[in-house]
Amino acid sequence: ATAAPAPAAVPADPASACGYVTNRQGETPASQDIFPVDITQIDGRSTPLQPENRFRVKPGTRLLTVTDAIPPHDLPAAAIAQIEKMKRLKEQRAYKKLEVEVKPGVIYAVGAHLLRDKLDVESIRNNAYWEPVVWDQRAQPCK
């Protein structure tokens with residue numbers, strides 16, 4: 001499997017008291033097989049049901065729980081029904097964890113890296129066809 005390209009690191013802003021994580025940082029780079037995710041929990045706490053553009057978090061290691069939101073039109077037809085079936089059967093086990101080292105004054109864009117070589121029935125059944133990634137980091141001051 002090819003790893004998604006790591007975004008360039010952004011220097012921390014010592015004047016900022018927080019950082020952000022987001023699943024809505026413009027268009028995800030589908031050309032790199034990076035697609036949207038839904039962030040359902042941060043550090044074990046559920047995120048609001050109403051979508052937010054970004055989530056304010058304390059600097060340090062944050063544990064995100066995410067599920068892929070890869071559009072069906074970006075998947076092979078044979079994989080779509082298999083993925084829907086796996087998500088129904090696995091429910092909470094269809095989610096994945098992503099640890100993000102949040103620096104103050106930085107926003108981290110999170111996405112699902114589609115592993116095209118893992119779209120076989122067995123990999124889909126094991127929810128191994130994607131991995132959560134940070135695909136972008138930008139300066140975003142907050143007080």
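The values are calculated or read from the model by the stated rules, or taken from the named source; none is laboratory data. Since we're looking at a predicted model, the values are computed, not measured. Every residue, glycine among them, receives a Cβ derived from its backbone with ideal geometry; neighbour counts consider all protein chains shown. The accessibility values were calculated without ligands, DNA or RNA, using every heavy atom of the protein model including side chains. Shrake-Rupley method; radii C 1.70, N 1.55, O 1.52, S 1.80 Å.
Remarks
- For Gln41, the residues whose amide H sits under 5 Å from its own are Thr47, Thr65, ignoring neighbours fewer than 5 places away on the same chain, with H placed 1.01 Å from N.
- Cα-Cα separations in the stretch 66-138 greater than 18 Å, expressed as whole percent: 41 percent
- Computed over the chain: relative contact order in percent, which uses C-alpha pairs under 8 Å that are six or more apart: 37 percent
- Percentage of interatomic Cα-Cα distances in the chain larger than 23 Å: 35 percent
- Hz values of 3J(HN,Hα) by residue in the stretch 55-69 - Karplus curve (6.51, -1.76, 1.60), Gly and Pro given as x: 10, 7, 9, 6, x, x, 7, 10, 10, 9, 10, 9, 10, 6, 10
- Of Trp130, Gly44, Thr28, farthest towards positive along the dipole that unit charges on Lys, Arg, Asp, Glu beta carbons give the chain: Gly44
- Between the Cα long axis of helix 77-90 and the first principal axis of the chain there is an angle of about 70°, rounded to the nearest 10.
- Measuring nothing but protein heavy atoms, the accessible surface of the chain at 1.4 Å probe radius is 51 percent carbon and sulfur.
- Couplings 3J(HN,Hα) for the stretch 100-106, derived from phi with the Karplus relation 6.51 cos²θ - 1.76 cosθ + 1.60 (θ = phi - 60°), are 10, 8, 8, 9, x, x, 10 Hz, where x marks Gly and Pro.
- Lys, Arg +1 and Asp, Glu -1 on Cβ, resulting dipole of the chain about Cα centre, debye, nearest 20: 480 debye
- Using a probe of 1.4 angstrom and keeping all protein chains present, the accessible surface of the chain works out to 56 square angstrom per residue.
- Assigned charges on the beta-carbon of Lys, Arg, Asp, Glu; the stretch 66-129 dipole about Cα centre (debye): 200 debye
- Lys pairs under 26 Å by Cα in the chain, provided they are eight or more residues apart or on distinct chains: 14
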